[in-house]
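Below is one structure, written out as structure tokens, with a few remarks after it.
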Amino acid sequence: MQARASDTVTDDQQTAFLAALDRHKALLYKVVNAYCRRREDRSDLIQDMVLELWRAWPGYDARAAVSTWMYRIAVNVAISAFRGERRRIRDALPIEDFGMDLVAADRIMDSESDDLRALHQLISRLDAVNRALILLYMEGYGQQEIADMLGISASNVATRVSRIKQRLQRDHAASETSP
């Protein structure tokens with residue numbers, strides 16, 4: 001039988017987890033907003049992310065920055081959710097118990113410029129892996145970091161980023177010329 005995080009995490013570790021979650025919740029909002037347009041879907045996905053982060057917390061060993069570690073888990077949860085591998089959380093805690101404010105995620109989404117909103121709309125048409133890849137690229141992660149997070153080679157990252165940029169440019173041009 002596998003131990004649950006709540007069985008193995010001390011009070012100090014729980015406090016550290018909640019502090020890390022609070023410091024880096026904006027990156028979860030960005031991932032959620034990139035993968036979900038409907039508020040209900042964002043709520044479900046962010047719950048899944050927090051749950052997976054909590055489960056993985058005892059294994060966090062600081063080899064990577066906590067933000068990178070959290071981003072990797074969040075992106076992988078989002079990819080899994082859209083590949084149909086997502087399990088429903090039956091007895092979920094209210095997301096507010098973790099200091100997550102989906103209204104803040106909504107405000108971020110609502111405050112985007114028209115150009116940024118159009119870019120996110122184009123990105124939402126990409127498959128789950130390419131969406132994760134371009135999101136990480138836009139956040140400023142390097143090719144090797146993205147490769148490590150997604151489990152692909154750095155050269156594959158470079159090739160995909162180039163192709164995604166070309167596709168986004170084509171799709172944007174097409175949307176500009178259509179009535």
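Only the coordinates and a few stated rules stand behind these numbers; no lab work does. Owing to the predicted nature of the structure, the values given are computational and were not obtained by experimental measurement. Because the Cβ atoms are built from the backbone with ideal geometry, glycine has one as well, and the counts that use them run over all protein chains shown.
Applying the selection to the range 127-146, what residues are buried (at least 19 other Cβ atoms within 10 Å of the Cβ) and hydrophobic (A, V, I, L, M, F, W, C)? The answer is ALA132, LEU133, ILE134, LEU135, LEU136, ILE146.
Number of residues in the range 115-143 that are over 19 Å from ILE79 (Cα atoms) and without any contact (Cβ under 8 Å) to a residue 24 or more places away in the chain: the value is 5.
Take the conditions touching a residue at least 60 places away in the same chain (Cβ under 8 Å) and surrounded by fewer than 21 Cβ atoms within 10 Å (Cβ to Cβ) and apply them to LEU51. Does it pass? No.
Yes/no per residue for (1) assigned to a loop (DSSP other than H, G, I, E, B); (2) of a type outside the set (A, V, I, L, M):
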residue	(1), (2)
LEU126	yes, no
TYR141	yes, yes
ALA158	no, no
ARG163	no, yes
